[in-house]
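Contents: one structure, followed by commentary.
The values are calculated or read from the model by the stated rules, or taken from the named source; none is laboratory data. All of these numbers come straight from a predicted model, not from anything done at the bench. Quick reminder, even Gly has a Cβ in these numbers, built from the backbone with ideal geometry, and neighbours come from all protein chains shown. Note: accessible area is taken over every heavy atom of the protein model, side chains too, but ligands, DNA and RNA are not part of it. Shrake-Rupley method; radii C 1.70, N 1.55, O 1.52, S 1.80 Å.
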Amino acid sequence: MSDSLAPSHPEVREFEATVESVDGRDVTVSETYFYPEGGGQPADRGMLGGVAVADVQSREGAVVHTLAESPAFDAGDTVTGVVDDDFRTYCMRAHTASHVLYGAGRRLLDDLGYGGFGITDEKVRVDFETSTDIDDDVLVDLERLVNRAVWDSRPVSWETRAVEDARSDEGVAFNDKTEADVMADADSVRVVTVEGWDEAACGGTHVSNTREIGPVTVLDRSNPGEGLTRVEFAVGPVAIDRRAETHRELRAAARDAGVAVDGVADAVSRLADERDDLADDLASLREEVLAGRVRELPVVDRDGDSDADDWRVGVVEGFDANAVGEAAQSVVGDDPDAPDVVAAVGSGPAPFVAVASTGVVDAGEVIDRVTAEFGGGGGGAPTFAQGGGIDADPDAVVAFLAELEV
């Protein structure tokens, strides 16, 4: 046989057929209701002649059942096929739900096209080609419209149409990413219709009414490629469990915030504003503390010369190089009592050095002298320079700077 009867008779779970060929674990039969992997839908599971079916594929015009082990039956024998009811039902619901999701996309998204589709045990994905940014609000609306279509109990049907006729019908969606093999060189195409909602060329198995899909929960979105937005959703137990978990987390957030469930968004917004204000306050306080530490670095005694430039040299802990550098620049020459030069050494296994100067010495030259002595790299202008990756103890760098003549 060349085709599976599963798409046209998705309700069949048990059948008898004559074995046409046996090649190791690969078996073909006179007719089959097992769905071969394709179009984004996985292969059916079940038993054939009492042996578990490990895979089903379409190969060279035949549906090949790969069994878990070599069978005892031979060509010409009559065998019973049993399609796993749970998995087939799940795939029918999931596949139909993808059509309903695309129908929702028709109502919300611009320049819409299919970019791909796939079913796994835990979730389903639909890749949309669209110029619309599918943000959180759009994602929620997609889920709302899908579940509304499920609630509306819309009939689902399928028919075979001439390819040219279907292609010329702007209402029929073509998922060329997944259905290319099905439609290649074909004169006709199978069109699945969700009444009043969606039409699409598709060779998969489907339920006969949207109410059979059950609850649908959108899980997430991502961008698998340029111009594509992937929307992932769940049906069945996974959808129910995910929705319950989201509801539980929402109620916990409301309880912690001391608001009703419908006030969580406003409460989170207020908390975010408060967090940002506190972060700004903390940053300002850290800047003040750092400036104070830099200003209070030890004064270098240059052999008792009262006319020598005022240098402040020492170790600063707990701040990164950029912050220390900005503090050093803010301190030099900011008032008559301010130092002429600040050389702050950052602590850690690879110390950094930030040098700020009013111009009495060349800060860049100071950094060059430090890196020449201790390694690392850096540079800068006469009034400010930085060096990093220095291979020395911070105290040793401070001692070198205290004795440095430039």
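Figures for the structure shown
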quantity	calculated
Counted residues, the stretch 134-157 - those being in contact (Cβ under 8 Å) with a residue 40 or more places away in the chain, surrounded by fewer than 18 Cβ atoms within 10 Å (Cβ to Cβ) and not in a helix (DSSP H, G or I)	4
Members of the stretch 103-116 found to be open to solvent by 10 Å² or more (accessible area, probe 1.4 Å), part of a helix (DSSP H, G or I) and either touching a residue at least 40 places away in the same chain (Cβ under 8 Å) or touching a His at 6+ places or on another chain (Cβ under 7 Å) (or both), listed by number	Arg106
Residue list for the stretch 117-129, restricted to those being open to solvent by less than 20 Å² (accessible area, probe 1.4 Å) and either within 17 Å of Asn209 (Cβ to Cβ) or among the β-branched types (Val, Ile, Thr) (or both)	Ile119, Val124, Val126
Strands (runs of 3 or more DSSP E) wholly inside the stretch 291-403 containing at least 3 residues that are β-branched (Val, Ile, Thr) and either buried (at least 17 other Cβ atoms within 10 Å of the Cβ) or touching a residue at least 40 places away in the same chain (Cβ under 8 Å) (or both)	311-316, 341-346
Top-ranked residue in the stretch 190-242 [being basic (Lys, Arg) and touching a residue at least 60 places away in the same chain (Cβ under 8 Å); ranked as surrounded by the fewest Cβ atoms within 10 Å (Cβ to Cβ)]	Arg211
Count of residues meeting criterion [part of a loop (DSSP other than H, G, I, E, B), without any contact (Cβ under 8 Å) to a residue 60 or more places away in the chain and surrounded by fewer than 20 Cβ atoms within 10 Å (Cβ to Cβ)] in the stretch 12-37	5
Matching residues in the stretch 243-279 - criterion: being in contact with a strand residue (DSSP E or B) (Cβ under 6 Å, 6 or more places away or on another chain) and surrounded by fewer than 11 Cβ atoms within 10 Å (Cβ to Cβ)	none
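Conditions tested, residue by residue: (1) more than 45 Å from the chain's Cα centre (by Cα); (2) under 20 Å from Leu290 (Cα atoms); (3) not aromatic (Phe, Trp, Tyr).
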site: Pro339; (1), (2), (3): yes, yes, yes
site: Gly348; (1), (2), (3): no, yes, yes
site: Gly376; (1), (2), (3): no, no, yes
site: Gln386; (1), (2), (3): no, yes, yes
site: Ile390; (1), (2), (3): no, no, yes
